[in-house]
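To start, the structure itself, in structure tokens.
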Amino acid sequence: MLQHIKKLSIAAALTAVFSHGAMASDLIVTFDDLNPDKKAAFDAAVDAFKAANPDINVTSNNGDREAHKSTIRNALQNDAPDVITWYPGNRMGPFVDAGLFMDISDLWASDANLSEKFNAIKPTMSRDGKQWGVPYSYYQWGVYYRKDIYDKLSLSEPKTWDELLGNCDTLKEAGVTPFTIGTKYLWTAAGVFDYLNLRTNGYDVHNDLTAGKIKYTDDRIRATFAKWEEMLDRCSFVKTHATMSWQDAISPFANGDAAMYVMGNFSVGQYKDAGLTDEQIDFFQFPEITAGLPRAEEAPADAFFIPAKAQNVENAKKFLSFIATPEIQGEWNKTIGQLPPNADAEINTDDKFIVEGMATLSTAAGLAQFYDRDAPAAMAKAGMEGFQKFMLDQSTLDEVLENLDKVQEEVYK
């Protein structure tokens, strides 16, 4: 998969030899993923950039992702690199607000790829009407389902909430639990909440909630929980979900006891490891709830940013522009099995889930990052605990929402 990037590197290098002078300059890039496929994709992109820009001395650093989360603020405040990885959406907010990331709106306006081919993800990279980074990868969430069970019961993919509820009724009559989920580690419940809120209230309201601008006791958020209660009643989940991890929850999905799973595309390999085939599983977008509401999706993304204290800004912008090209985006994401944010990038058309994911995300009106990325850590922890509590006992709704309001007051003050 990396051969195409290597060919581009050679061609670019030959061109660069004749187009650049002898004066060298520097670029320091910090990455944060040592997993073999992620590291290989990053290294290949850096090698291609070096070949295209022989007059730039590139130093690339890579480290553990969890450690990066703990050290990034110190890195931005002190000996900052020229390019660094972080998350879009509200997770970039504290660094933007503190003046630690550079505004690159000029690059988004002038670069042909960024200005025309990143429309779906642009709102996620924006804050205060400005753009702050360049995404290199993302993946879809949605509903993965047992197509063979659907076919046996003559069910079709639901486009609306009522159609989903009708499918759930049929599944339960046939003795199949509509949804599996494992909430032992909480975050899976957040995926369900995000979609219910995005479909009930839309992208802007959802973002305002995770940004602390809307209370959890707001009538609009109560409407989301009303839909969740309806989902728990009509579209029940496996009863033991609080004791199961997301991987444990695959078992009832694989053995046919449950028919659907609200999950991210990273889970597909696990379904196949559990014995399911492409013919048995498929994907559909979470159904519409509020008619006519622009469709937003859950799409956790990774991006590059330029620290405000970067020493080699022009080279950093050149690197980000390079990363935004369809060739680099396509090869990078084929290597790691994810989706390129550039709408013109090639994808692995042999993987139907990648194909459906690209169609879903490239046409979305907005992209949420995921609750525990969009909300501050303390808020996300309390929120996800509350979501699980509500799933286990819907009578706790008022208690859950009032507690989240209190946490919100402390977190966002």
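The values are calculated or read from the model by the stated rules, or taken from the named source; none is laboratory data. Quick caveat: nothing in here was measured; it's all calculated off a predicted structure. Quick reminder, even Gly has a Cβ in these numbers, built from the backbone with ideal geometry, and neighbours come from all protein chains shown.
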Item to complete: Run down ASP97, ASP82 and say which single residue is surrounded by fewer than 14 Cβ atoms within 10 Å (Cβ to Cβ) and more than 22 Å from PRO340 (Cβ to Cβ).
Response: ASP97
Worksheet item: Can you find even one residue in region 41-63 that is touching an Asp or Glu at 6+ places or on another chain (Cβ under 7 Å), modelled with pLDDT under 90, more than 25 Å from ILE336 (Cα to Cα) and outside any helix (DSSP H, G or I)?
Response: no
Worksheet item: Is there any pair linking a residue in region 113-141 that is within 26 Å of VAL355 (Cβ to Cβ) to one that is surrounded by fewer than 21 Cβ atoms within 10 Å (Cβ to Cβ) and of a type in the set (D, E, K, R), with Cβ under 9 Å and at least six apart or on different chains, and which?
Response: ASN113/ASP344; LEU114/LYS122; GLU116/ASP344; LYS117/ASP344; VAL134/ASP111; SER137/LYS38; GLN140/GLU356
Worksheet item: Where in region 107-210 are there helices (runs of 4 or more DSSP H), lying fully within it, with 2 or more residues that are more than 20 Å from the chain's Cα centre (by Cα) and either buried (at least 22 other Cβ atoms within 10 Å of the Cβ) or not assigned by TED's automatic domain parsing to the domain that holds PHE283 (or both)?
Response: 112-117, 161-173
Practice prompt. Determine which single condition SER245 fails, assuming it passes every other condition in (1) of a type in the set (S, T, N, Q); (2) surrounded by fewer than 19 Cβ atoms within 10 Å (Cβ to Cβ); (3) not in a loop (DSSP other than H, G, I, E, B).
Written response: (3)
Worksheet entry | Matching residues in region 97-119 - criterion: being among the hydrophobic types (A, V, I, L, M, F, W, C), closer than 12 Å to PHE305 by Cβ and out of contact with any Gly (no Cβ under 8 Å at 6 or more places or on another chain) | LEU100, MET102, LEU107
Worksheet entry | Flag for SER321 being touching a strand residue (DSSP E or B) at 6+ places or on another chain (Cβ under 9 Å) and part of a helix (DSSP H, G or I) | yes
Worksheet, complete the sentence: Per the filter on region 362-410, residues assigned to a helix (DSSP H, G or I), among the hydrophobic types (A, V, I, L, M, F, W, C), surrounded by fewer than 17 Cβ atoms within 10 Å (Cβ to Cβ) and under 26 Å from the mean Cα position of the chain (by Cα) are ALA377, ALA378
Worksheet item: Is it the case that PHE31 is closer than 23 Å to ALA345 by Cβ, at pLDDT 95 or above and crowded, with 20+ Cβ neighbours inside 10 Å?
Response: yes
Worksheet entry | Odd one out for THR59, checked against (1) crowded, with 22+ Cβ neighbours inside 10 Å; (2) closer than 29 Å to GLU346 by Cα | (1)
